[in-house]
Amino acid sequence: MREKTVKLIRDYYDAFNAGNMKTFLGLLADEVVHDINQGGVEVGKDAFARFMDKMNTHYDERVADLVVMASDDGRHAAAEFKIHGSYKKTDPGLPEARGQKYNLPVGAFFQIENGKVARVTNYYNLQAWMKMVE
């Protein structure tokens, strides 16, 4: 089961990097729980799609140096990676966007149910990101 989960998470980030939101969202359970970094919790694939639309409007990002770990039973996974990005449109409440580039370490934690991502929690240091885009 570990190998299937590692493949699922790698497929998730491959779809993200390709900008293939149909495939990306297709890897999520219908009632996926999304713990937003330093934010709230959203539930459901539709909410996740709206979140991604917002992110794709404001940021151009690519995952690099991906490391994926999974439990023996395949029910839990974690990923560590770098986000290489550019800040292309000002996100309300954040510094003004001027195309600033950033390279930020990120951690993500997953719960897997029935071969789909049922929960995803992302973490990055928002204060470090803000210093990169000042």
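Counting just the residues of the stretch 10-58 that are among the β-branched types (V, I, T) and within 21 Å of Y102 (Cα to Cα), which one comes out modelled with the lowest pLDDT?
Selected residue: I36.
From D65, D46, D72, D53, which residue is charged (D, E, K, R) and on the phi > 0 side of the Ramachandran plot?
D65
Out of the stretch 12-64, which residues are in contact with a helix residue (DSSP H, G or I) (Cβ under 7 Å, 6 or more places away or on another chain) and of a type in the set (K, R)?
Hits for the stretch 12-64 are K45, R62.
So, A64, is that one free of Cβ contacts under 8 Å to residues at least 60 places away in the same chain, of a type in the set (G, A, S) and loosely packed, with under 13 Cβ neighbours inside 10 Å or not?
In short, yes.
Residues being under 14 Å from V117 (Cα atoms) and surrounded by fewer than 15 Cβ atoms within 10 Å (Cβ to Cβ): count how many of those fall in the stretch 17-45.
5
For the stretch 100-113, does any single residue satisfy the condition of being modelled with pLDDT of 95 or more, within 23 Å of L126 (Cβ to Cβ), of a type in the set (A, V, I, L, M) and more than 14 Å from the chain's Cα centre (by Cα)?
no
List every residue pair whose Cβ atoms sit under 6 Å apart, with the two residues 6 or more apart in sequence or on different chains, where the first one lies in the stretch 115-134 and is among the aromatic types (F, W, Y) and the second, anywhere, is surrounded by fewer than 16 Cβ atoms within 10 Å (Cβ to Cβ) and modelled with pLDDT of 95 or more.
If the second residue must be surrounded by fewer than 16 Cβ atoms within 10 Å (Cβ to Cβ) and modelled with pLDDT of 95 or more, the pairs left are Y123/G107.
Can you tell me how many residues in the stretch 37-58 are assigned to a strand (DSSP E or B) and either of a type outside the set (D, E) or within 23 Å of M1 (Cα to Cα) (or both)?
Count: 2.
What's the number of the only condition in (1) more than 17 Å from the chain's Cα centre (by Cα); (2) surrounded by 15 or more Cβ atoms within 10 Å (Cβ to Cβ) that V117 fails to meet?
If we test V117 against (1) more than 17 Å from the chain's Cα centre (by Cα); (2) surrounded by 15 or more Cβ atoms within 10 Å (Cβ to Cβ), just (1) comes out false.
The values are calculated or read from the model by the stated rules, or taken from the named source; none is laboratory data. Being a predicted model, the structure only gives us computed values, none of them experimental. A quick note on method: Cβ atoms are made from the backbone with ideal geometry, for glycine too, and the neighbour counts reach across all protein chains shown.
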